Amino acid sequence: MTEHCYRHKDVETLLHCGNCGKPICVRCTVQHPVGIRCPDCARSRPVAALDVTPLHYGLAVAAAAGIGLAGVVGIFYLSVALLPLGLAGYYLRWLALVGVGYLMGVGVSRTVGGKRGRGLQWIAGVAMAAVFLASASLAGLALDSMVGILALGAAVYIAVQQLRV
């Protein structure tokens with residue numbers, strides 16, 4: 001019994017797609033790591049880690065808000081505890097902001113199941129800017145301090161790198 005290619009009805013073939021079993025001719029054959037495929041089965045599929053749904057964005061915002069709130073409270077209490085240290089305490093407060101940046105990136109990434117994308121990076125970055133503004137205003141730190149701006153840059157960079165594509 002002769003079969004004909006499902007795309008080229010006039011071409012006889014003995015080849016079949018290794019995935020769906022459709023008869024395919026040599027022109028339609030696509031080499032795949034696990035055998036030959038028809039053009040339909042060989043089409044590239046989106047990478048699962050980059051397939052971010054609105055639910056993932058909602059979870060990311062919720063995680064960023066929770067981590068951000070915890071970060072602001074932690075930096076505030078750390079500021080009070082480090083007040084007697086003077087200048088060393090001032091720098092340690094900003095170092096704590098960088099630590100919150102790491103926690104923000106890891107927390108958002110784990111909350112969304114390891115998904116990655118620009119939108120998630122924006123959520124983490126904006127959340128870190130909000131943590132910076134809130135913690136600086138609560139702790140009475142200067143917002144235009146060069147050390148503070150550098151700490152903010154480092155915190156945003158670290159948070160965003162955790163969600164990098």
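Go through the range 112-134 residue by residue and tally those that are buried (at least 19 other Cβ atoms within 10 Å of the Cβ) and of a type outside the set (D, E, K, R).
Number satisfying all stated conditions: 11.
I need every pair where a residue in the range 51-63 that is assigned by TED's automatic domain parsing to the domain that holds Met104 has its Cβ under 8 Å from the Cβ of a residue that is part of a loop (DSSP other than H, G, I, E, B) and loosely packed, with under 12 Cβ neighbours inside 10 Å, sequence separation at least 6 or different chains.
Partner pairs satisfying both residue conditions: His56/Gly113.
Looking at (1) surrounded by 18 or more Cβ atoms within 10 Å (Cβ to Cβ); (2) on the phi > 0 side of the Ramachandran plot; (3) modelled with pLDDT under 90, which is the one condition that is false for Gly86?
With respect to (1) surrounded by 18 or more Cβ atoms within 10 Å (Cβ to Cβ); (2) on the phi > 0 side of the Ramachandran plot; (3) modelled with pLDDT under 90, Gly86 is out only on (1).
For the range 129-163, enumerate the residues that are closer than 15 Å to Leu78 by Cα and either outside the structural domain of Leu87 (by TED's automatic domain parsing) or not in a helix (DSSP H, G or I) (or both).
Residues satisfying the conditions are Gly140, Leu141.
Considering the range 1-57 alone, what residues qualify as being at pLDDT 90 or above, hydroxyl-bearing (Ser, Thr, Tyr) and in contact with a strand residue (DSSP E or B) (Cβ under 8 Å, 6 or more places away or on another chain)?
Tyr6, Thr13, Thr29
Just checking, how many residues over the range 107-128 are in a helix (DSSP H, G or I) and of a type in the set (D, E, K, R)?
2
Name the one entry in Ala63, Ala88 that is assigned to a helix (DSSP H, G or I) and closer than 30 Å to Ala48 by Cα.
None of the others qualify; the one that does is Ala63.
The values are calculated or read from the model by the stated rules, or taken from the named source; none is laboratory data. Since the model is a prediction, treat every value here as computed from it, not as a measurement. Heads up, the Cβs are rebuilt from the backbone with ideal geometry, glycines too, and the neighbour counts pull from every protein chain shown.
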